[in-house]
Amino acid sequence: MLPIHRKRDKTLGLLELVAIALGGMIGGGIFTVLGISVSMIGVYTPVAFLVGGLLAFLAVYSYVKLAVYYKDEGASYSFFKRTFPDSPLAASLIGWCVIFGYISTLSLYAYTFSSYAISSFSFADNEPIRKIVACFIILIFTLINIWSVRGMGKIEDIMVYTKLIILTIISFVLINNSNTTIPTLIQNNEDVSILSILIVASLTFVAFEGFQLVINAVNEMEKPEVNIPKSIYISLLLAMSIYFILSYGAIIAIPFDIIIENEEYALASGTDKILGHWGTKLVILGALLATSSAISGTLFGASRQMSVIAKDGYFPKFLTKHKNNIPYFSIMTMAAISFLLILIGDLKIILEFSSVTFLLVSLLMACANFKIYKETSSSLLITILAIIGLLLGMVLIVYYEYTTQVEQLYFIASLYVALTLGAFLYSKRKK
């Protein structure tokens with residue numbers, strides 16, 4: 001099947017595209033999963049981020065090859081549909097899964113933003129206030145995304161590159177104020193297994209999922225065949241570096257019990273005595289910028305994919321409406337469902353659902369690339385390694401849920417049943 005070439009409004013350059021990808025990745029990474037990771041594997045947390053990054057590189061390979069070949073803003077959904085054109089149910093199902101995966105990450109980012117925003121107040125652990133603030137920040141960036149593509153891009157640039165500077169400063173300040181050594185921490189974590197590290201690496205896969213958002217902007221970027229690979233690989237490498245350095249600084253400077261006790265705002269909880277009042281404020285500012293840019297970038301990219309899926313008949317038709325090339329109904333619908341998830345959701349369940357969903361979608365992308373690897377000029381070896389690695393990641397998360405908290409596994413399974421039912425009904429309507 002030949003790729004489709006469309007006329008493009010070239011408003012986003014390489015800097016904006018890297019900012020969109022980093023906005024989606026870093027906001028969902030260190031600030032969201034640090035506490036959970038430390039509680040499970042302690043000193044090996046930086047290693048888990050590196051392994052998760054390598055798994056993300058395997059996933060990225062197929063995305064980049066398919067994106068350059070098809071040049072379709074529908075990304076995951078469109079790639080799979082066009083590679084397997086005779087399966088409407090499969091196309092509908094992958095569309096529903098990827099969109100609700102993005103919606104769950106929006107809730108995750110907003111919840112983390114709220115946790116850090118109120119972390120220095122007496123009501124830091126007040127759940128209703130935390131949820132109100134989380135909904136409010138989604139509303140703000142919903143309005144920004146509806147306002148202007150170029151305006152969103154410039155704001156994203158400012159937030160992302162400012163937060164990179166702040167996070168780099170925080171990382172080296174934490175390292176310079178360490179209160180222990182890695183050998184000592186390893187002695188205290190001798191019972192951690194390789195299996196546990198691999199499980200955490202799989203759970204943190206959601207921390208790297210923002211790279212897909214670049215592809216959703218293919219109609220608004222300059223030189224997609226050049227800028228898609230450049231922006232995705234640059235942003236992924238930067239994210240891996242930030243995760244490793246910052247998590248390393250955190251584990252040698254902040255006592256584990258403090259990180260675990262306050263996992264929703266782990267970095268801010270232990271930095272007051274280490275970095276002082278202004279150091280803590282800097283950590284909070286970095287977290288707010290990181291999560292804000294993640295919310296903005298996710299709304300931008302995923303809303304465009306949602307509109308494409310609706311145009312094909314697998315979502316309600318009103319989601320196809322655009323104004324000035326902006327899918328405003330899709331943006332508002334994603335925000336509304338995110339509000340609902342924030343009200344009923346649990347941090348760990350949302351994290352695990354998001355990771356499993358994006359591992360599944362990435363696995364399907366690797367399978368699609370395997371089918372047409374000659375047309376996309378892909379390495380067969382790398383594509384097969386990606387299929388094996390992504391499948392293993394999914395199996396590890398399911399195994400962890402089954403052996404430690406089977407109730408959460410049932411809840412996640414019920415979400416997939418609901419998504420499958422919705423996808424089935426819309427595939428029947430289209431047929």
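Taking Cα atoms only, the orientation of helix 347-371 departs from the longest principal axis of the chain by about 40 degrees. The order of 353, 339, going from fewest to most other C-beta atoms within 10 Å of their C-beta, is 339, 353. When only alpha carbons are used to place a centre, the stretch 260-305 and the stretch 320-338 end up 26 Å from one another.
For the cross-link pairs 311/348; 317/428; 71/323, which exceed 26 Å when the distance is taken from alpha carbon to alpha carbon? The pairs that break the limit, which is 26 Å between Cα atoms, are 311/348. Cross-linked pairs 131/163; 131/321; 163/230: Cα-Cα separations exceed 27 Å for 131/321.
Placing +1 on the Cβ of every Lys and Arg and -1 on the Cβ of every Asp and Glu, with no other charges, gives the chain a dipole of roughly 1960 debye about its Cα centre.
Against the empirical 2.2 N^0.38 Å (N residues), the chain has a Cα radius of gyration ratio of 0.92. Each of 72, 312, 191 has some number of other Cβ atoms within 10 Å of its Cβ, and from fewest to most they run 191, 312, 72.
In plain terms, the residue of 394, 365 with the fewest other Cβ atoms within 10 Å comes first and the most crowded comes last, giving 394, 365. Taking 111, 402, 265 in turn, the Gaussian network model of the chain (Cα-Cα springs below 10 Å) assigns the largest fluctuation to 402. Rounded to the nearest 10 degrees, the angle from helix 127-147 to the longest Cα principal axis of the chain is 40 degrees.
Segment residue 126..residue 189, full-extension length gain: 19.4 nm, with 0.36 nm per residue of separation and the alpha-carbon distance subtracted. When the alpha carbon gyration tensor of the stretch 172-294 is reduced to an equivalent ellipsoid, its three semi-axes come out at 32, 19, 13 angstrom, largest first. Taking each residue as 0.36 nm, the span from residue 398 to residue 241 lengthens on full extension beyond its C-alpha to C-alpha distance by 53.7 nm.
Read-outs throughout are calculated quantities, based only on the coordinates presented, and are distinct from any laboratory measurement. Just so we're clear, the structure is a prediction, and the values are computed from it rather than from any experiment. Cβ atoms come from the backbone with ideal geometry, glycine included; neighbour counts cover every protein chain shown.
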